[in-house]
Amino acid sequence: MKECPSCGNTIPKEVIYCPYCGARFADLGHTQTKGNEQRQKLGLKMQKCPLCNKKIREDAKFCPHCGWDLTDHELTPPQIARIQEEIVNARFAYMRWNFGMVQFTTVGLVFIIFSMLASSEVIAIQAPWVVSGIAAAFLFLAVPFGFLALRYYNKQNRLKMMLRDRQPPQ
């Protein structure tokens, strides 16, 4: 534990931003502790940061990981710009992982077609089971790409909803 030089509250060593006042610390030394076990022992309730999606204390006013202001107020122009930048980053990450998933799936399906043609003796392949194994491997490798693409798709939508819900009325 250390003391915030700005507000004087006691905070964990590994945080980058003070959860009470939002002050940023110069020393960015990250040390992993048994945080979840300690929180459960102390009975602290947790919530997720709307920007970085990491678990934080329920009574925090600022995210200790990304510095996001958790108080319920209208968004300021710098906050809107930061959310829009995160949306763009999530969109590109989604497209990148989705493209990889499509490529692995396509190659896997091509190998399945070759395997089917080889088993019906339309084309001559010495070991059709090898082709089937390669197809299964490519389809198996497509699954993590799909999960990562879904993760960034959900992040993009979560940030869009946060931006929509906290925008000032026009």
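Values as computed for the structure displayed
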| quantity | calculated |
| --- | --- |
| Qualifying positions in segment 53-91 - under 13 Å from Asn157 (Cα atoms) and either of a type outside the set (D, E, K, R) or in a loop (DSSP other than H, G, I, E, B) (or both) | Asn53, Ile83, Gln84, Ile87, Val88, Asn89, Ala90 |
| Count of residues meeting criterion [polar (S, T, N, Q) and open to solvent by 80 Å² or more (accessible area, probe 1.4 Å)] in segment 126-153 | 1 |
| Residue within segment 94-108 that is hydroxyl-bearing (Ser, Thr, Tyr) and open to solvent by 80 Å² or more (accessible area, probe 1.4 Å) present | no |
| Leading residue by the ranking (modelled with the lowest pLDDT) among those in segment 107-157 that are among the aromatic types (Phe, Trp, Tyr) and more than 29 Å from the chain's Cα centre (by Cα) | Trp129 |
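The values are calculated or read from the model by the stated rules, or taken from the named source; none is laboratory data. What you see is a predicted model, and the numbers here were worked out from it, not measured in a lab. What goes into the accessible areas is simple: the full protein's heavy atoms, side chains included, and nothing from ligands, DNA or RNA. Shrake-Rupley method; radii C 1.70, N 1.55, O 1.52, S 1.80 Å.
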